[in-house]
Amino acid sequence: MSSPEEIPEEAGTPVSSGIYHLDANDPHGDLVDRSGLSEEDVQQISDLMAALGRLREAEQRLSDASLRYMKLNQSDMRALHYLIVCANHGVIATPGAIASRLSISTASTTKLLDRLERAGHVTRRAHPSDRRALAIAITPETHEAAMRTVGRQQAKRFLAAARLAPDERMIVMRFLDDMAQEIEVSEEVWAGSAGFPAADQG
């Protein structure tokens, strides 16, 4: 099994380049201006992209394992995570707050809560101060199971951060925020379009 950043051996494909290497993705310099970058710079940046790729793949494996263990889908897990955070802070969660957090419709939220309630993961009660709303809470059993397994594994991220010196954390935060801003698609016209035209199958 090849490592995540390796390219499968095929005719004319340099395996050593890796799928995250700049030469593999932008061989003619159409996407990235390399002026001022040495070969060593390009290699180190490509190695950094490969490290980010390994992190994303580890996160995906953790997410997949979490969904299998809890027998839930991605939206269900996000809702439960939100309910755990609310419980930890003594905040009463409502269907409206869950819909806003997950960016889903009221109807989809109702279906999600119906599903979670049937499975014994959440309870719905009258809101103590708002007659128009319901109070949604994660059940103690599901809270404990999630914290003991998925939550404990997710928390190990903090161990990696704790091993950095304070100035190193500042550099990492600045880098991640800068990268997030660079790849933000909110102002890209194509990101809001209906999609790439389908090829003519006729």
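Points worth noting:
- Remark: accessible surface ordering of 28, 127 (largest first) is 28, 127, probe radius 1.4 Å.
- Cα gyration tensor category, rounded, prolate or oblate, for the range 101-202 with a/c compared to 1.5: oblate
- Cut-off 13 Å (backbone N to label point 7 Å along Cα→Cβ of residue 179), residues of the range 30-56: 45-56
- Crossing angle, helix 106-118 versus the chain [Cα axis fit, 0-90 degrees, rounded to tens]: 70
- Under Karplus coefficients 6.51, -1.76 and 1.60, residue-wise ³J(HN,Hα) of the range 171-184 in Hz, glycine/proline x: 5, 5, 4, 4, 5, 5, 5, 5, 5, 4, 5, 5, 9, 4
- Whole-Hz couplings from phi, Karplus 6.51/-1.76/1.60, listed for the range 64-73; x for Gly and Pro: 4, 5, 4, 5, 5, 5, 7, 6, 9, 9
- The residues of the chain expose, per residue, 74 Å² of accessible area to a 1.4 Å probe.
- With viscosity 1.567 mPa s and temperature 4 °C, the Kirkwood radius over alpha carbon pairs of the chain converts through Stokes-Einstein to a diffusion coefficient of 61 µm²/s.
- Residue 62 exposes around 40 Å² of accessible area when a 1.4 Å probe is run over every protein chain in place.
- Among 28, 65, 192 - extreme Cα towards positive end, dipole of the chain, charges at beta-carbon: 65
- Binning the C-alpha pair distances of the range 110-158 at 5 Å intervals from 0 yields a P(r) profile of 5, 19, 19, 18, 17, 11, 7, 3, 0 %, listed from the shortest bin outward.
- Net charge dipole size for the range 75-186 [Lys, Arg +1 and Asp, Glu -1 on Cβ; Debye, nearest 20]: 460
- Residue 104 sits with roughly 50 Å² accessible to a 1.4 Å probe, with DNA, RNA and ligands left out of the calculation.
- Overall, the accessible surface of the chain at a probe of 1.4 angstrom is composed of carbon and sulfur to the extent of 56 percent.
- Max mean-square fluctuation residue, GNM over the chain, Cα-Cα springs under 10 Å, options 141, 182, 117: 182
- Alpha carbon centroid spacing (whole Å) that separates the range 108-161 from the range 18-61: 39
The values are calculated or read from the model by the stated rules, or taken from the named source; none is laboratory data. Computed from a predicted structure; not experimentally measured. Heads up, the Cβs are rebuilt from the backbone with ideal geometry, glycines too, and the neighbour counts pull from every protein chain shown. Calculation scope for accessible area: heavy atoms of the full protein, side chains included, ligands and nucleic acids excluded. Shrake-Rupley method; radii C 1.70, N 1.55, O 1.52, S 1.80 Å.
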